[in-house]
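The values are calculated or read from the model by the stated rules, or taken from the named source; none is laboratory data. Here the structure is a predicted model, which is why all the values come from computation and not from measurement. Note that each Cβ is placed from the backbone with ideal geometry, even for glycine, and that neighbours are counted across all protein chains shown.
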Amino acid sequence: MTLTHAWAPFAILPIFVSLDKLDRSLLEAANDLGEGPVRTFLHVTLPLSIPDLIGASMIVFIPTVGDFVTPALVGGSDGAMTANMIQVQFGKANNWPPGAALAVSAVIAVTIAASLWVLALKLLERRLK
């Protein structure tokens, strides 16, 4: 919940700008052609805003994986996130090889997850057109 609260503005602002620059005549045309609000959203608004949704999700997802301060302050000692384990390996434990391995595995996991997310949204965009 805390990470969502902390990073929500970074997702909301790009999405807001995307929806604000949307051509209103397209929405009016959909309404004139008999589309309801839900179908207008699914067939006009969503396909036009998918690139900005991809950007907003990546802006939030990637730094959230590496955030170790917020979980340490809010989660206490029970919450073990990847970034916290990396910080402990490099800091308190002074054990750099496992810390480096965790860091590289986190980068690989983020790269794979981001690639799959972008691919899924691109496929959705093609399907909606």
- Item | segment 1-50, residues that are closer than 30 Å to ASP67 by Cα and surrounded by 15 or more Cβ atoms within 10 Å (Cβ to Cβ) | LEU3, ALA6, TRP7, ALA11, PRO14, ILE15, SER18, SER49, ILE50
- Condition met for THR70 (within 28 Å of VAL17 (Cβ to Cβ), in a helix (DSSP H, G or I) and modelled with pLDDT of 85 or more): no
- Message: Going residue by residue through segment 94-107, is there one that turns out to be modelled with pLDDT under 85, under 21 Å from LEU3 (Cβ atoms), outside any helix (DSSP H, G or I) and more than 23 Å from the chain's Cα centre (by Cα)?
- Response: no
- Message: Filter segment 6-27 down to the residues that are among the basic types (Lys, Arg) and either in a helix (DSSP H, G or I) or within 25 Å of VAL74 (Cα to Cα) (or both) and list them by number.
- Response: ARG24
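Select, from PRO14, PRO63, the only residue that is touching a residue at least 12 places away in the same chain (Cβ under 8 Å), in contact with an Asp or Glu (Cβ under 6 Å, 6 or more places away or on another chain) and of a type outside the set (S, T, N, Q). I'd like the intermediate steps shown before the answer.
Working: PRO63 fails: in contact with an Asp or Glu (Cβ under 6 Å, 6 or more places away or on another chain).
Every option except PRO14 fails the conditions.
Mind telling me which of the residues LEU53, LEU3, LEU46, LEU42 ends up being part of a helix (DSSP H, G or I), touching a residue at least 40 places away in the same chain (Cβ under 8 Å), touching a Ser or Thr at 6+ places or on another chain (Cβ under 6 Å) and within 23 Å of VAL118 (Cα to Cα)? Outline the logic, then answer.
Values: LEU53 fails: touching a Ser or Thr at 6+ places or on another chain (Cβ under 6 Å); LEU46 fails: touching a Ser or Thr at 6+ places or on another chain (Cβ under 6 Å); LEU42 fails: touching a Ser or Thr at 6+ places or on another chain (Cβ under 6 Å).
Matching residue, one of LEU53, LEU3, LEU46, LEU42: LEU3.
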